[in-house]
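The values are calculated or read from the model by the stated rules, or taken from the named source; none is laboratory data. Just so it is clear, the structure is predicted and the values come from calculations on it, not from any experiment. With ideal geometry, Cβ positions are generated from the backbone for all residues, glycine too; neighbour counts draw on all protein chains shown. In case anyone asks, the SASA skips ligands and DNA or RNA and just uses the protein heavy atoms, side chains included. Shrake-Rupley method; radii C 1.70, N 1.55, O 1.52, S 1.80 Å.
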Amino acid sequence: MNGAESLVRTLVAGGVDVCFANPGTSEMHFVAALDRVEGMRCVLGLFEGIVTGAADGYYRMKGTPASTLLHLGPGLANGLANLHNAKKANSGIVNVVGQHATFHLGYNAPLTSDIEGLARPMSGWVRSSPDATSVARDGAEAIAAASGQPPKVATLILPADTAWNEASGIAQVPAAEQRAGFSPQAVEDAARALRSGEQSMLLLTGSALTEKGLALAARISGKTGCKVLSQTYNPRMARGRGRFFVERIPYVVEAALPVLKDFRHIVLVEAADPVSFFGYPNKPSRLRPEGCAVHHMCETGDNSVAALEALADALGAKETDARPQKLVDLVKPTGALTHASIAMAIACAIPENAIVVDESVTTGRGFFPPTAAAAPHDWLQNMGGSIGFSTPVSTGAAVACPDRKVICMVGDGSAMYTLQSLWTQARENLDVTTVVFANRTYQILRGEFTGVEAGEPCLLYTSRCV
Ligand SMILES: Cc1ncc(C[n+]2csc(CCOP(=O)(O)OP(=O)(O)O)c2C)c(N)n1
Ligand SMILES: [Mg+2]
């Protein structure tokens, strides 16, 4: 067995059985091993941003990592923007990057570069395998890093000769770092804040936005009167009829400040202390009001459902305390396409158990209230702000969940970054419906132009294509 085969067999034995790939010469032995070893599905992407974004979408829906296969430094560099988005979403990925054979590295051939240096900022774990007998063990450790809590983008760099030289077999995956549980003192502190009678808010993200976490938040809100909101962007949120509907903190600073201005306590459940997306002249970066106390109940990787359960118990909040919510009546729209009628049309069309990937940018600012009344679904958002995320993430989500309909909602500008996803979706026969909002402009940048006080929007962002 060569090194490549020892790695692929280790991946399959470790539960990593999908590889999103765009390989080249230095990865050919790995490709041959992918072909040879039973149980590994190889999915080709025609640009590395598709590969890394698909691995992000796969993790978000499956909860276990896929692997990638990228071609040296430039292949990795092409995939970095969506690795950045994946890292911000806390998605685990076994990110395999080919490298020149160790004996060839000193010759500075055209594709030579500092792969570790490129990988580090967008990874939580980086290793170059030194030789073929180490590859399986390094792969097993990468799986553990990608599967732990919090999960990591684990970048494993594979010199070509480590793939073709003789290996010594497969390796067992070491125990992954597990969810740390939660801090009972932090729950007690949160309970004190919510009992104080002062205006309080639970701010949720991560696993707090599962159906279970939301139901607990509904009980707590019903019992104490606290407001429940989610971050502006969330990796995955359970939504639709029968689920507790939470609004997001608005993206626009002028809209976010009035929403937050009266709170005296914010209890963070995996969420970050809210900040604006950008810094603007004469606008605050922190969005909470002065004097508002922040209670860090759960960090990323904590078991926030268990913490919310403990909080509900501490407050005596029962299932019957959850209050019914008034949802928008869904009526199939007719007439002109407006933002409101598009929102309603989408809310009417979302089928049961769909996965909605949202990169709708300005068209989608009003999508949340009507879609809260849609059939139950999951809603995925861009966590790193680098556009071109939704079509690859939809691809990976569809590979992870072949029985679920995926709806990709994307602005026309964002769609143009990673349009090659459609080729993979067609080739793999994936059930993805892509809706492109063709306003023929980078509409958001008009508002941002004014927001940063740069004067009148310039031609670059306002000219329409014909
Ligand atoms: C990688 C990257 N490049 C550029 C940007 C800046 N940016 C943010 S939104 C946007 C355009 C979005 O256009 P579109 O998808 O058509 O949505 P619209 O604003 O028209 O609603 C750009 C260029 C970004 N966020 N990420
Ligand atoms: Mg647009």
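Okay, here's what the table says:
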read-out: Relative packing of 292-305, 441-454, 143-156, which averages over residues the other C-beta atoms within 10 Å, highest first; value: 143-156, 292-305, 441-454
read-out: Total lysine pairs under 13 Å (Cα atoms) in the chain, excluding pairs fewer than 8 apart on one chain; value: 4
read-out: Highest average packing first - 263-272, 388-397, 281-290, Cβ atoms within 10 Å; value: 388-397, 263-272, 281-290
read-out: Square roots of five times the Cα gyration tensor eigenvalues for the range 1-127, Å; value: 21, 19, 12
read-out: Ranked by how many other beta carbons lie within 10 Å on average, peptides 50-57, 19-26, 406-413 from highest; value: 50-57, 406-413, 19-26
read-out: Sites TYR107 and ALA349 - FRET efficiency at Förster radius 60 Å, r taken between beta-carbons, to 0.05; value: 0.60
read-out: Residue-normalised accessible area of the range 89-152, given per residue in Å² at a 1.4 Å probe; value: 40
read-out: Solvent-accessible area, 1.4 Å probe, carbon plus sulfur percent, for the range 281-372; value: 53
read-out: Alpha carbon centroid spacing (whole Å) that separates the range 310-352 from the range 176-205; value: 26
read-out: The range 268-361, Cα convex hull volume normalised per residue, Å³; value: 218
read-out: DSSP bridge pairs, the chain: antiparallel proportion in percent, nearest 5; value: 10
read-out: Kirkwood-based Rg to Rh ratio, the chain, C-alpha trace; value: 1.00
read-out: All Cα pairs of the range 350-453, percent lying beyond 19 Å; value: 44
read-out: Gain in span if fully extended, ARG264 to ASP321, counting 0.36 nm per residue against the direct Cα distance; value: 18.2 nm
